[in-house]
Amino acid sequence: MTLLAIRGLTVDFSGARPVRAVDGVDLDVAPRECLAIVGESGSGKSQLLLACVGLLAANGRADGSARFEGVELLGTGDRAAAVRGRGIGFVFQDASGSLTPHRRIGDQLAEVAQAAHGLDRLAARAEAVRLLEAVRLPEAARRLRQYPHELSGGMRQRVALALALAARPRLLFADEPTTALDVTVQAEILALLASLCREFGMALLLVTHDLGVVASLADRIAVMRGGRLLETTASPAFLAGPRDPYGASLLAAVPTLAGLR
Amino acid sequence: MSGGLWRDALRRLTGDRAGIAGLAILGLLALTALAGPMLIGWRQDEIDWAHMAAAPFTAPGHWLGTDRLGRDLLVRTLYGLRVSLAIALAATLVALVIGVGWGALAGYLRGRADALMMRFVDVLYALPQVFFVIILTVVFGRGPVAILVAIGAFGWLTMARIVRGQALALREREFIEAAVVGGAGTTAVVLRHIVPNLLGPVIVYATLTVPQVILVESFLSFLGIGIQEPLASLGNLIADGAAEMETAPWILAVPAGVLVLVVFAFNFLGDALRDALDPRDA
Amino acid sequence: MSLLELRGVTVRYRQPGAKARMLAAVDSVQLAVGEREMLGLVGESGCGKTTLGRAILGLVPLAAGEVRWRGQRIDDLGRRAFRPLRRELQCVFQDPHACFDPRMTVAESVAEPLRALERGLAAAARERRAIERLEEVGLGRELAERYPHQLSGGQLQRAGIARALVVDPAFVVCDEPVSALDVSVQGQIVELLERIRAGRGLASLFISHNLAVVARLCARVTVMYRGRIVEAGPRGQIVGQPLHPYTRELLDAVPGIDAGARARLLARAANARPARDTGAGADGCAYAARCPHALARCRAERPPLRPGPDGRQVACHRAEEWPGGLPPAPAV
């Protein structure tokens, strides 16, 4: 059964200059699959994700259909409902999108764990420690008492991941999760994502402008441009030779060390 | 500083009804204050022996009545408006120039210079303004000069504080560093980059300062410290009116009404300017 | 003779917090850039590379050491005395949208350095020069009259390069010029920089956290970690036979799009070490806390930057133990 089925998704923004950010996209995500959407800034890839979980800006409107495990996500009128109850986790580019700056990390994690599984305080705290260990943050017990600003960018992103995992989602949305991070930290976070997806049996829908990021992670690669989906190909086939010249240009743009040794 | 961004702001401003209303009222009042007395014909100190303390619309030629001494109330109010507005605008201009210069420099320089400059502001803040005004009236004699100096001497303080805060935030932005790498000295950075980028809040604050100054001047004139007879200002007109409140209430109502109208208009305009200038930039 | 030379440069800052200590953002750095050369400087966030760039430009004071430009010391000049040098030493900044004054048009911003540094020019002449430079970087006249927020990141960064070039400098510090841009645009900007460098014979320091980008552009590469230089040498050696474990880590972190990339990712996931905290010791090697080859000696004694075999420099006690360079993880 397809985990997420998107049909004819269109996102329009009203205002002084109306913009169609996403133009009739069809997409499927299978359980435990990693699908990467690649495109430049303005291609609509982020808006696609936000539309599915009801986080579009006030002047945005989504049409079409996005069914998660058979349940329609669009047009329910309840913002972020998909994230809260229906098994979709979300990781933003900047961890501050997920973390409240004035609350301790342990409290934030425990709150989500409680809401998701109805745990009591003690059990929630234990769960928080487990989550931090799952994202390989050392000294988990100490971290619980820290505030987000006390951690480095990479660590905050791990905590954001832990938060997203707390509700045991079946599908994880990640919007440019490593773009703001150094190359070394990025590599670790990607490896972490790969192992977490396997461990928790999650599917991953990853959005990025950097093909290098997804080449090692994705099962399938989808290319977006100007709101349209250009191609969706299995990763090995794509890396060997994309069908679309635009996809080929994205691939060629990735800085590699090939030929420099 | 080029036109494009100001044109945008102007467009937003013209869309704001309250702001346009405020602007229109002020324009009308200013026009009336300038041209009105000539059209009406009475001089402001001209005594009409036949119609003393006449109610509005009762005496011929006196639209809004006369005061206790038979002087036309409308003309005196318009002259009073002239004086009040002139002092308010002049004092605000002084406060603007000194306050922006002081605050922008302090915020940009930081460190000891900033500390010294702002301690000076703090000290002045602590002085009681009314005492200072009284001392100034002794020195300069009663009249508009004393008022102008007094208000100007204190009016720039809050502006300096606001501007300094803005400048502190601005100096950390990368384009300031880029300007320094491009060879700009302190003066150039402050004048070309810091001041233009904080003009938004400054303009808004200035339009909200003008009514405050009018009120202060009115208060001082009411107390008998500011503008003196036979010169009219909204303040001493209100003082006169207060004395006659029970028998001839219009003598109070007319200047007070005009004062209220002016203050409202400036506040509406200030609000509209803030919306037009502030958030969408940068 | 080198155009730009740094010897023992140290920059300190006060660590914020209750127990304010002076920490070294840059610690005894030495490097040299010759005529027409582009030197690459690589390291992660917080390693001091940006501070180093700012020290070269006279924007932060040195705690120790000296910076020499054409043989003369420039680190002890006051603000005003430094100004004539700005004609020769320019900078391209990281975030184009942040480094342009939002209230000035692009053309005005590009022309601005001419106001202070070439006073003889009239306004019309300044504008002409600015337009010329903008065309040189591939931006047309219509874009020049727009405001920064109306241009894309790539376009604005081109304008940033034009602004750095408008005074015809001899040396340009490029501080992460492509890190804030989409990958697809990065290549264009990198090509542009290379074209300009070759065409004008500029010397430059290219700072980045991505070794692949640096290696593409720079014949010599210097690797920094926590304020110190850990390895420096020709690109082929650094990339092909890295001697310092941190260089190895940087190389392994470059995302690969070849067939083996997936396997490497999974291996990295399997062998993952827990995320490390900050907290470097003052003595000892700064990298010891996260080095898979660290010995007790590494934690106690700071390795000096010394010449290694084959002409490069490396700061590692164990550099001699792997003559062909460190092999990629996880085979280690």
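The values are calculated or read from the model by the stated rules, or taken from the named source; none is laboratory data. Since we're looking at a predicted model, the values are computed, not measured. Using ideal geometry, Cβ is built from the backbone for each residue, glycine included, and neighbour counts are taken over all protein chains shown.
If I filter segment A:78-97 for residues that are at positive phi and at pLDDT below 80, do I get at least one hit?
Checked against the condition, which is being at positive phi and at pLDDT below 80, segment A:78-97 yields at least one hit.
Per-residue answers, yes or no, for (1) within 9 Å of chain C (Cβ to nearest Cβ); (2) at pLDDT below 90; (3) within 23 Å of residue A:22 (Cα to Cα):
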residue	(1), (2), (3)
A:174	no, no, yes
A:180	no, yes, no
A:188	yes, yes, no
A:203	no, no, yes
A:208	yes, no, yes
| remark: All-but-one check, residue B:167 against (1) closer than 28 Å to residue B:22 by Cβ; (2) in contact (Cβ under 8 Å) with a residue 12 or more places away in the chain; (3) in a helix (DSSP H, G or I), failing number (1)
| task | Please work out if residue A:178 is closer than 23 Å to residue C:268 by Cβ and either touching a residue at least 12 places away in the same chain (Cβ under 8 Å) or of a type in the set (Gly, Ala, Ser) (or both). | result | yes
| field | Options A:21, A:16; residue that is in a loop (DSSP other than H, G, I, E, B) and over 28 Å from residue C:265 (Cα atoms) | value | A:16
| said: Tell me whether segment A:198-216 contains one or more residues that are in a loop (DSSP other than H, G, I, E, B) and among the basic types (Lys, Arg). | reply: no
| said: Checking residue B:160 against (1) assigned to a helix (DSSP H, G or I); (2) of a type outside the set (D, E, K, R); (3) at pLDDT below 90; (4) crowded, with 21+ Cβ neighbours inside 10 Å, only one condition comes out false. Which one? | reply: (3)
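Take residue A:101 and tell me if it is modelled with pLDDT of 85 or more and surrounded by fewer than 21 Cβ atoms within 10 Å (Cβ to Cβ).
Values: modelled with pLDDT of 85 or more: yes; surrounded by fewer than 21 Cβ atoms within 10 Å (Cβ to Cβ): yes.
In short, yes.
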| request: Find the residue count for segment B:152-188, including only residues that are under 22 Å from residue C:172 (Cβ atoms) and more than 10 Å from chain C (Cβ to nearest Cβ). | output: 0
| said: Among the residues of segment B:228-236, are any under 24 Å from the mean Cα position of the chain (by Cα), at pLDDT below 90 and within 26 Å of residue B:274 (Cβ to Cβ)? | reply: yes
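Looking at segment B:3-27, which of the residues that are within 14 Å of another protein chain (Cβ to nearest Cβ) and in contact with a Phe, Trp or Tyr (Cβ under 8 Å, 6 or more places away or on another chain) is modelled with the lowest pLDDT? Let's see the steps before the verdict.
Just the residues of segment B:3-27 that are within 14 Å of another protein chain (Cβ to nearest Cβ), to begin with: B:3-9, B:11-12, B:15.
Pick out the ones that are also in contact with a Phe, Trp or Tyr (Cβ under 8 Å, 6 or more places away or on another chain) and you get B:4-5.
Details: B:4: 63, B:5: 68.
Checking each candidate, the answer is B:4.
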| field | Complete set of residues in segment C:13-24 that are over 24 Å from residue B:179 (Cα atoms) and of a type outside the set (S, T, N, Q) | value | C:14, C:16, C:17, C:18, C:19, C:20, C:21, C:22, C:23, C:24
| From the options C:129, C:216, residue that is modelled with pLDDT of 90 or more and of a type outside the set (Asp, Glu) | C:129
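What number of residues within segment B:100-128 satisfy the criterion of being among the acidic types (Asp, Glu) and over 14 Å from residue B:156 (Cα atoms)?
So in segment B:100-128, the residues among the acidic types (Asp, Glu) come out as B:114, B:122.
Applying the additional criterion that residues be over 14 Å from residue B:156 (Cα atoms) yields B:114.
Qualifying residue count for the region: 1.
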| query | Would you call residue C:52 hydrophobic (A, V, I, L, M, F, W, C) and more than 19 Å from residue B:184 (Cβ to Cβ)? | reply | yes
| said: Quick check on segment C:18-35: of everything there that is at pLDDT below 85 and small (Gly, Ala, Ser), which residue is nearest to residue C:174 (Cα to Cα)? | reply: C:24
| request: Take segment C:90-103 and flag every residue that is surrounded by fewer than 23 Cβ atoms within 10 Å (Cβ to Cβ) and more than 7 Å from every other protein chain (Cβ to nearest Cβ). | output: C:94, C:97
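Looking only at segment B:54-74, how many residues end up being assigned to a loop (DSSP other than H, G, I, E, B), surrounded by 17 or more Cβ atoms within 10 Å (Cβ to Cβ) and in contact (Cβ under 8 Å) with a residue 24 or more places away in the chain? Give the steps one after another, and end with the answer.
Filtering segment B:54-74 down to residues assigned to a loop (DSSP other than H, G, I, E, B) leaves B:54-65, B:67-71.
This time we only want the ones that are surrounded by 17 or more Cβ atoms within 10 Å (Cβ to Cβ), so: B:54, B:59, B:62, B:64-65, B:67, B:70-71.
Next, from what is left, pick out any that are in contact (Cβ under 8 Å) with a residue 24 or more places away in the chain: B:64-65, B:67, B:71.
Here the count works out to 4.
When you scan segment B:186-282 for helices (runs of 4 or more DSSP H) that lie fully inside it, which ones turn up with 2 or more residues that are closer than 21 Å to residue B:21 by Cβ and touching a residue at least 40 places away in the same chain (Cβ under 8 Å)?
Working: elements: B:186-189, B:195-223, B:234-243, B:250-277.
The qualifying helices (runs of 4 or more DSSP H) are B:195-223, B:250-277.
Is it the case, given these coordinates, that residue C:189 is among the β-branched types (Val, Ile, Thr), buried (at least 21 other Cβ atoms within 10 Å of the Cβ), more than 10 Å from chain A (Cβ to nearest Cβ) and not in a helix (DSSP H, G or I)?
Working: among the β-branched types (Val, Ile, Thr): yes; buried (at least 21 other Cβ atoms within 10 Å of the Cβ): yes; more than 10 Å from chain A (Cβ to nearest Cβ): yes; not in a helix (DSSP H, G or I): no.
No.
Filtering segment C:172-186 down to residues that are of a type in the set (A, V, I, L, M, F, W, C) and surrounded by fewer than 22 Cβ atoms within 10 Å (Cβ to Cβ), which residue is nearest to the other protein chains (Cβ to nearest Cβ)?
To start, the set of residues in segment C:172-186 that are of a type in the set (A, V, I, L, M, F, W, C) comprises C:172-174, C:178, C:180-181, C:183, C:185.
Then keep just the ones that are surrounded by fewer than 22 Cβ atoms within 10 Å (Cβ to Cβ); that gives C:180, C:185.
Numbers: C:180: 10, C:185: 8 Å.
Residue satisfying both the conditions and the ranking: C:185.
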| Selected residue [in a loop (DSSP other than H, G, I, E, B), of a type in the set (A, V, I, L, M, F, W, C) and more than 9 Å from chain B (Cβ to nearest Cβ)] from C:139, C:85 | C:139
| query | Out of the residues in segment C:56-82 that are aliphatic (A, V, I, L, M) and more than 13 Å from every other protein chain (Cβ to nearest Cβ), which is surrounded by the most Cβ atoms within 10 Å (Cβ to Cβ)? | reply | C:67
| remark: For segment A:130-182 the number of residues that are out of contact with any Lys or Arg (no Cβ under 7 Å at 6 or more places or on another chain), polar (S, T, N, Q) and surrounded by fewer than 23 Cβ atoms within 10 Å (Cβ to Cβ) is 2
| said: So for segment C:118-125 (the condition being within 30 Å of the chain's Cα centre (by Cα), touching a residue at least 24 places away in the same chain (Cβ under 8 Å) and in a loop (DSSP other than H, G, I, E, B)), does at least one residue qualify? | reply: yes
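Those residues that are assigned to a helix (DSSP H, G or I), among the hydrophobic types (A, V, I, L, M, F, W, C) and either away from chain C (no Cβ under 11 Å) or surrounded by fewer than 21 Cβ atoms within 10 Å (Cβ to Cβ) (or both), I need them from segment A:217-250; list them, please. Lay out the reasoning, then the answer.
Filtering segment A:217-250 for residues assigned to a helix (DSSP H, G or I) gives A:235-240, A:245-250.
In the following step, the residues that additionally are among the hydrophobic types (A, V, I, L, M, F, W, C) were identified as A:237-240, A:248, A:250.
Residues satisfying the conditions are A:237, A:240, A:248.
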| said: All but one of (1) under 13 Å from the mean Cα position of the chain (by Cα); (2) in a helix (DSSP H, G or I); (3) farther than 24 Å from residue C:264 by Cα hold for residue A:190; state the number of the condition that does not hold. | reply: (3)
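Conditions tested, residue by residue: (1) within 30 Å of residue A:253 (Cβ to Cβ); (2) surrounded by fewer than 22 Cβ atoms within 10 Å (Cβ to Cβ).
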site: A:2; (1), (2): no, yes
site: A:22; (1), (2): yes, no
site: A:34; (1), (2): yes, no
site: A:39; (1), (2): yes, no
site: A:42; (1), (2): yes, yes
site: A:61; (1), (2): no, yes
site: A:65; (1), (2): no, yes
| Among the residues of segment C:236-264, how many are more than 30 Å from residue A:241 (Cα to Cα) and at the interface with chain A (Cβ under 7 Å from one of its Cβ atoms)? | 0
